[in-house]
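What follows is a single structure, written as structure tokens, with notes after it.
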Amino acid sequence: MERPLKIGIVCFPLIGGSGILATALGTELAARAHEVHFFSHARPVRLDPSLPRIHFHQVEIAHATVFPCPDYTLPLAVKMAEVGQVEGLDLFHVHYAVPHATAAFLATEMIGASAPKVVTTLHGTDTTLLGPNPQYRAAIEHALIHSDAVTTVSESLRQQTADTFRLREPIHVIPNFFTPNRSTRTRAEVRQELGVDDHHFLVLHMSNLRPTKRIDLLLRIIAAAKHRDRIRLLVLAGAPFAPFEPLVEELGLRANLIVKEHAAAVEEFLPASDAGVYTSEIESFGLSILETMFFGKPVLAFRIGGIPEVTGDAAPLIEFGDILALASSLDDLIAEPETAKQIGERGRKRAEEFFTAGKIVPQYEALYRRVLGR
């Protein structure tokens, strides 16, 4: 029987695909008897450190007076080296090349010959936003070349990464997964709390509100819908929504909008929704889309990046930027509830067939053991 591994997982703690996936992966690995050590500057929002074999190491951001800016990379590298040596970690699995894979490289240099191996998972930002930037490109490429394995969450991102960086080894595609928890409240209870009655059609959008999520397009789609008076838009926001308030007022959507900031328990709200709408202009996977599919809710989105790999033929995808077409598709879901139900059911079946922990986590375990030569 293969012995359990000691794994260090490095991620950002905020609401976003990378942190959510890293937390879910580490939790699943611990449930499979591996020892898992998390590193971040704050506790990841969905991490339960009380679970068996889960350890959390908080890294303090340095504010040394001799430097003009706070530093995270070096304190992270030092913490990783310390824990890696003391705990005898087998490998670091870092999510994002910068600063995490760079910190892993420094940590392994400090440890020396017995250093853990490094697996780097790219979720998109390193390639799509930072890769073209000459201030970051060489650092990202260096971190990836010195990783023992590199993975991406979609074939689309794998191709973009191969085109952007000069790497020596093949890139592995291992998609995201999701394990839905049961909601502690009924659909009716949540809708009542939100002020949504049976006449309303509750559209859900979950994201970190970064510029690439195109919240402006989301709002304009709601405004363009013929059934806009019936629509209530619930935004589960991983960042402050305030920058979009002027557009809400301009479009007259105040009565349509409900915002919940930093709501990590998406399972509380997904069962209460009627559809998910996602308007990213850059999306390497779309974990929020997958979460929506798992709850049998129809998804509307633009056909960009890795989204078609997630939805397959289970969602009507629209050419990017076509606000009127997406608004029309939303109107169709409202007018034809049976069709909406069928689309949602197709999405749920696809999610359960391809994107469960049982399908994905063993792929990471196999990669770890290949990297370790076991």
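Quick notes on this structure:
- Of all accessible heavy-atom area on the range 203-307, the percent that carbon and sulfur account for (1.4 Å): 52 percent
- Of the accessible area of the range 98-160, computed with a 1.4 Å probe over protein heavy atoms only, carbon and sulfur atoms account for 52 percent.
- Karplus-derived HN-Hα couplings along the range 249-266 (A = 6.51, B = -1.76, C = 1.60, θ = phi - 60°), whole Hz, x at Gly and Pro: 5, 4, 8, x, 9, 4, 6, 8, 9, 10, 10, 10, 8, 6, 8, 7, 8, 5
- Cα long-axis angle, helix 155-164 against the chain (0 to 90 degrees, to the nearest 10): 60 degrees
- Over 26 Å (Cα to Cα) - which of 226/297; 6/359; 6/349; 79/117; 213/359 fall in this group: 6/349; 213/359
- Ranked by solvent-accessible area (1.4 Å probe, protein heavy atoms only, all chains present), the residues 130, 209 order from largest to smallest as 130, 209.
- Other-chain or far-sequence residues with amide H under 5 Å of residue 42's (modelled H): 59
- Contact order relative to length of the range 1-123, as percent, for alpha carbon pairs under 8 angstrom and 6 or more apart: 26 percent
- Residue-span extension gain [residue 64 to residue 227] - 0.36 nm each, minus C-alpha spacing: 53.1 nm
- Whole-Å distance, taken between Cα centres, linking the range 339-363 and the range 267-318: 11 Å
- Comparing 175, 246, 116 in a Gaussian network model of the chain where C-alpha atoms under 10 Å apart are linked, the largest mean-square fluctuation is found at 246.
- Taking amide H as placed 1.01 Å from N in the peptide plane, the amide H of residue 9 sits under 5 Å from that of 37, 38, 39, 93, each at least 5 places away or on another chain.
- Residues in the range 66-80 carry Karplus couplings, in order, of 7, 10, x, 9, x, 10, 10, 4, 5, x, 5, 4, 5, 4, 5 Hz; the curve used is 6.51 cos²θ - 1.76 cosθ + 1.60 with θ = phi - 60°, and Gly or Pro positions show x.
- For residue 216, the solvent-accessible surface computed with a 1.4 Å probe is close to 50 Å², ligands and nucleic acids excluded.
- Accessible surface for the chain, divided over its residues, is 43 Å² per residue with a 1.4 Å probe.
- Here the Karplus curve 6.51 cos²θ - 1.76 cosθ + 1.60, taken at θ = phi - 60°, turns the phi angles of the range 293-300 into couplings of 4, 4, 9, x, 9, x, 10, 10 Hz, with x standing for Gly and Pro.
- The trypsin sites (Lys or Arg not before Pro) found in the range 1-99 that occupy coil by DSSP, while having at most 15 further C-beta atoms within 10 Å, are 32.
- Ordering 217-229, 147-159 by mean Cβ neighbour count within 10 Å, with the highest value first, yields 147-159, 217-229.
- Close amide H contacts of residue 214 (hydrogens built in the peptide plane, cut-off under 5 Å, sequence separation of 5 or more or a different chain): 281.
- Where GluC sites (Glu not before Pro) fall in DSSP loop in the range 296-346, at most 10 other Cβ within 10 Å: 319
- GluC sites (Glu not before Pro) within the range 1-55, DSSP loop, no more than 11 other Cβ atoms inside 10 Å: 2
- Helical runs assigned H by DSSP (4 residues or longer) give the chain a calculated mean residue ellipticity at 222 nm of -11500 deg cm²/dmol, each run adding -39500 (n - 2.57) before division by the residue total.
The values are calculated or read from the model by the stated rules, or taken from the named source; none is laboratory data. Keep in mind the model is a prediction, meaning the values are calculated, not measured. Positions of Cβ are backbone-derived with ideal geometry, glycine not excepted, and every protein chain shown enters the neighbour counts. These area figures cover heavy atoms from the full protein model, side chains too; ligands, DNA and RNA do not enter into them. Shrake-Rupley method; radii C 1.70, N 1.55, O 1.52, S 1.80 Å.
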